[in-house]
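The values are calculated or read from the model by the stated rules, or taken from the named source; none is laboratory data. Just so we're clear, the structure is a prediction, and the values are computed from it rather than from any experiment. Glycine also receives a Cβ, built like all others from the backbone with ideal geometry; neighbour counts cover every protein chain displayed.
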Amino acid sequence: MQDTAPAFRFVQERLGIDLKSADAAAELSSLGVDSLSLLELMFEIEEKFGVKVDEDTPPPRSCGELAGLLEHLAAGRS
Amino acid sequence: MSARRVAVTGLGMVSPVGASAQDSFDALLDARSGLRLYEPPDAPRPIAVPAGVCADFDPVAALGATQAARMDRYCQLGVVAGLAAWRDAGLAQTADEDRAAWAVAWGTGMGGALTYERSYRQLFAGGRDRLAPLTVVQAMNNACASHLAIALQLGGSCSTYSVACASAAMAIGEAFRRVRSGAAPAALAGGSEAPLAYGVIRAWLALQVLAPGDAQSAAGACKPFQAARGGLVLAEGAAALVLEDWQRAERRGARIYAELAGYGESCDCANLVRPDADGQARALRAALADAGMAPAEVDYVNAHATGTREGDAVEIAALAAALGDRAPAVAVSSTKSAHGHPLGAAGALEAVATVLALHRRAIPPTLGDAAGLDPACAGVAHVIGAARREAPLRAALSNSFAFGGSNAVLAFRA
């Protein structure tokens, strides 16, 4: 994963959330993303982009945290 | 006899012959087959068998991408049929009344068979070491009932019956009991199945009960009651009924399609796969007794008949035993000849067909040729080849007889 654009597009596709324009503080749960959806999303991102989320990483709760995690993965630091 | 009566106020269906209950019933009346030659995708050793496929079903269009991705196909079909029944009953999706006691009863034989197969393929053939996190909740047999309960805020009993080919009929019967007893003012009942996985087809082939067929003959491959019958045809599909306390339905001005008047069940307690006429007759008599219905009232039976050599003739023997002198006058057909055998969902598709036969006063035929009737299946008034329309029907039965010997009969009144 070289940059975040494909992952952001994937999130938009799956959850209908545009992470570029979304309020960073917006809670994912208030946007209809429950823990199961998030689990599935992260699994799909790992599979699709060949990245691995560190098991110690807490699940993102807000749009900002999700965007941050994807940026982290894109930078290859996870 | 209970004072409470149970009204059927909503119907939904997604089947190989149509995307709705009414469209499917129209196709059945017009003797249109939904069967075709089916090749399961990505099969390691390609096969093609006649099957009933809901080819036009688009889960993403019907449910949205997020919901559809969370469900196995059996659940997608079931939720779409269940919600359609609910809308048909004129009930709002969000609760505008207290639904704390309202029930869901669902039937499925194989639940998430496609999900299991996809997952095993990834593990055993794909060399993967982990599965999608939602695998468990997609595959579980009770997922469909729970998705419906959540969507419609039905807070009473939420049960799933897995009784092979009698699954949905038992679900409908149990829901009927809950409404008649007063435990639930209303219930959503039905069943769904999506069994067209490569491994499932291989397993049924191994049992040697599938009807043969090629691209030309697949549409007519299921020939219940006919001498040329060669077995059953697997199918996917879903159907649902809204069952409602009669007085409640009347008070809110609901359209009442028919009365579900009785439910009977029995076990052959004889053999896992060979059906038993005595066992089936016990379920038939139990349904009639439960409904307070005399054999003379019965004008139509939607038969279980799957098109197997042994099963069809045994069912006719059971009808002759239970209906006695009335049997020769009773119209009988098997709509499986058109929609195939959706296993655990069969009882729901056929209950809907039976209700619509009463409501629209028309009997859908067994597809095929009346001249080809097997003498071993004679003794009732078969409706073969063409529908009987303008048929004033008073009462009708829907039979579901399962591998394992579990029998369920639903008795409806116009």
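Kindly list the number of the only condition in (1) of a type outside the set (D, E); (2) under 23 Å from the mean Cα position of the chain (by Cα); (3) crowded, with 16+ Cβ neighbours inside 10 Å; (4) under 23 Å from B:R248 (Cα atoms) that fails for B:S146.
Every condition holds for B:S146 apart from (4).
For the range A:50-66, name all the residues that are over 15 Å from A:T4 (Cβ atoms) and either in a loop (DSSP other than H, G, I, E, B) or within 14 Å of chain B (Cβ to nearest Cβ) (or both).
A:K52, A:D54, A:E55, A:D56, A:T57, A:P58, A:P59, A:R61
Identify, from the list B:L393, B:L367, B:L373, the residue that is modelled with pLDDT of 95 or more, in contact with a Leu (Cβ under 6 Å, 6 or more places away or on another chain) and in the same structural domain as B:A329 (by TED's automatic domain parsing).
B:L393
For the range B:329-381, which residues satisfy the criterion of being among the acidic types (D, E) and either farther than 30 Å from B:Y161 by Cα or in a loop (DSSP other than H, G, I, E, B) (or both)?
Going residue by residue through the range B:329-381, those that are among the acidic types (D, E) are B:350, B:369, B:374.
If the condition is that a residue be among the acidic types (D, E) and either farther than 30 Å from B:Y161 by Cα or in a loop (DSSP other than H, G, I, E, B) (or both), then B:D369, B:D374 are the ones that fit.
If a residue must be more than 14 Å from every other protein chain (Cβ to nearest Cβ) and part of a loop (DSSP other than H, G, I, E, B), how many such residues does the range A:20-34 contain?
Total satisfying the criteria: 7.
Being at pLDDT 95 or above and outside the structural domain of B:G156 (by TED's automatic domain parsing) narrows it down to one residue among B:G213, B:G324, B:G231; which is it?
On the way: B:G213 fails: outside the structural domain of B:G156 (by TED's automatic domain parsing); B:G231 fails: outside the structural domain of B:G156 (by TED's automatic domain parsing).
Unique residue meeting the criteria: B:G324.
Residue-by-condition table, conditions (1) assigned to a helix (DSSP H, G or I); (2) within 14 Å of chain B (Cβ to nearest Cβ):
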residue: A:F8; (1), (2): yes, no
residue: A:D18; (1), (2): no, no
residue: A:L36; (1), (2): yes, yes
residue: A:K48; (1), (2): yes, yes
residue: A:G68; (1), (2): yes, no
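Mind listing whichever residues of the range B:172-188 are farther than 20 Å from B:H339 by Cα, under 19 Å from the mean Cα position of the chain (by Cα) and buried (at least 24 other Cβ atoms within 10 Å of the Cβ)?
If the condition is that a residue be farther than 20 Å from B:H339 by Cα, under 19 Å from the mean Cα position of the chain (by Cα) and buried (at least 24 other Cβ atoms within 10 Å of the Cβ), then B:G173, B:A175, B:F176, B:A187, B:L188 are the ones that fit.
Suppose the filter is in contact with a helix residue (DSSP H, G or I) (Cβ under 7 Å, 6 or more places away or on another chain), at pLDDT below 95 and of a type outside the set (A, V, I, L, M, F, W, C); does B:S20 pass it?
Values: in contact with a helix residue (DSSP H, G or I) (Cβ under 7 Å, 6 or more places away or on another chain): yes; at pLDDT below 95: no; of a type outside the set (A, V, I, L, M, F, W, C): yes.
No: the conditions fail for B:S20.
Please work out if B:R282 is in a helix (DSSP H, G or I), surrounded by 20 or more Cβ atoms within 10 Å (Cβ to Cβ) and more than 20 Å from the chain's Cα centre (by Cα).
Numbers: in a helix (DSSP H, G or I): yes; surrounded by 20 or more Cβ atoms within 10 Å (Cβ to Cβ): yes; more than 20 Å from the chain's Cα centre (by Cα): yes.
The answer is yes for B:R282.
Table: residues versus (1) among the basic types (K, R); (2) without any contact (Cβ under 8 Å) to a residue 60 or more places away in the chain; (3) within 14 Å of chain A (Cβ to nearest Cβ).
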residue	(1), (2), (3)
B:F124	no, yes, no
B:D129	no, yes, yes
B:R177	yes, no, no
B:A186	no, no, no
B:G190	no, no, no
B:A211	no, no, no
B:A215	no, no, no
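Restricting to the range B:54-73, and then to whatever is under 27 Å from B:S33 (Cα atoms) and either in a helix (DSSP H, G or I) or in contact with a His (Cβ under 6 Å, 6 or more places away or on another chain) (or both), can you tell me which residue is nearest to the other protein chains (Cβ to nearest Cβ)?
First pass over the range B:54-73, keeping only residues under 27 Å from B:S33 (Cα atoms): B:54-63, B:72-73.
Keeping just the survivors that are either in a helix (DSSP H, G or I) or in contact with a His (Cβ under 6 Å, 6 or more places away or on another chain) (or both) gives B:59-63, B:73.
Working: B:P59: 15, B:V60: 11, B:A61: 16, B:A62: 17, B:L63: 14, B:R73: 17 Å.
Ranking the qualifying residues of the range B:54-73, first place goes to B:V60.
Kindly establish whether B:G78 is modelled with pLDDT of 95 or more, touching a Ser or Thr at 6+ places or on another chain (Cβ under 7 Å) and closer than 11 Å to B:A194 by Cβ.
Here the answer is yes, as B:G78 does meet what is asked.
Would you say A:F43 is within 14 Å of chain B (Cβ to nearest Cβ), buried (at least 16 other Cβ atoms within 10 Å of the Cβ) and without any contact (Cβ under 8 Å) to a residue 12 or more places away in the chain?
Against the criterion (within 14 Å of chain B (Cβ to nearest Cβ), buried (at least 16 other Cβ atoms within 10 Å of the Cβ) and without any contact (Cβ under 8 Å) to a residue 12 or more places away in the chain), A:F43 qualifies.
Could we say that B:L243 is among the hydrophobic types (A, V, I, L, M, F, W, C), in a strand (DSSP E or B), under 21 Å from B:G107 (Cα atoms) and at pLDDT 95 or above here?
Yes.
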